[in-house]
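*Asks:* Mind looking over this structure? Questions follow.
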Amino acid sequence: MVVIQNKTNLREKSMNEKEKQEAILDILENTYANATTALNFSTPFELMVATILSAQTNDNQVNRITQDLFRRLNTPQQFAELEQEELEQSIKTCGLYKNKAKNIIAASKMIMERFGGMLPRTREELMTLPGVGRKTANVILSNAFGVPALAVDTHVFRVAGRLGLSTAKTPDETEQQLIKLIPPEKWGNAHHWLIWHGRKICTARNPKCQACPEASLCPSCKDREEIDQ
């Protein structure tokens, strides 16, 4: 059997907890240096719509929906003028499409009425919009406005826990632990590192531990004995 070693060639048993976490983050950064959001968008508002649509829906499916949708509609005013049933027809291949259509239209109306047609640029204001929770607000802040923020989705929550970067039981607690561990200028990138690692290697079911660059450091590695030989 092939023995997998991480790039730093450091062993967990010879490192303290902080050193292990730093080494794990270094490996993620080196492995996913070019990682970015998989959602296609050209404006902050489009990213808001795409991120709302992405809940319980594959990003590739969202991109197929928005490729046509954003050709016809791409401003808060245009979405605010839609009937809910009309938007539902455009996004019906997306999970929870009825509720998402309702929230997108309501958020668009609020942007027009309360924010002068411009998507707000603070977390607090973003989270007043229907359908925009803390994760979505952080995605927008980081990817559209360049504001340091670390969004925690299911991939980030799972991978951070498995790698020993977090011991939290909720996404919000995970975010707070990660931002204490990672410098602010890397929060947005770290979000993407963890997502891509979760998609490619550390999957929810049957993680690919034998192919993982973190294997010798990961406290959850199911093949630890074989890798450490």
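*Asks:* Within the set of pairs 6+ apart or on separate chains, which have a first residue in segment 135-163 that is at positive phi, a second that is surrounded by fewer than 24 Cβ atoms within 10 Å (Cβ to Cβ), and C-beta atoms under 9 Å apart?
*Replies:* So the pair list comes out as Gly146/Gly188.
*Asks:* Sticking with this structure for a sec: Could you grab me the full set of residues in segment 39-58 that are surrounded by 14 or more Cβ atoms within 10 Å (Cβ to Cβ) and within 28 Å of Thr167 (Cβ to Cβ)?
*Replies:* Across segment 39-58, the qualifying residues are Thr51, Ser54, Ala55.
*Asks:* Please pick out the residue among Met118, Met112 that is surrounded by 15 or more Cβ atoms within 10 Å (Cβ to Cβ) and among the aliphatic types (A, V, I, L, M).
*Replies:* Met112
One line per residue, one yes/no per condition, for (1) buried (at least 21 other Cβ atoms within 10 Å of the Cβ); (2) under 11 Å from the mean Cα position of the chain (by Cα):
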| site | (1), (2) |
| --- | --- |
| Asn138 | yes, yes |
| Asp153 | no, yes |
| Gly161 | no, no |
| Ala190 | yes, yes |
| Pro207 | yes, no |
| Lys222 | no, no |
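*Asks:* In addition: Check segment 112-124 and report whether any residue there is under 22 Å from Trp187 (Cβ atoms), of a type outside the set (Ser, Thr, Tyr), free of Cβ contacts under 8 Å to residues at least 40 places away in the same chain and assigned to a helix (DSSP H, G or I).
*Replies:* Yes.
Rule-based calculations on the coordinates, nothing more; no lab input. No experiment lies behind these values; they were computed from the predicted model shown. All Cβ positions, glycine included, derive from the backbone under ideal geometry; neighbour counts span all protein chains shown.
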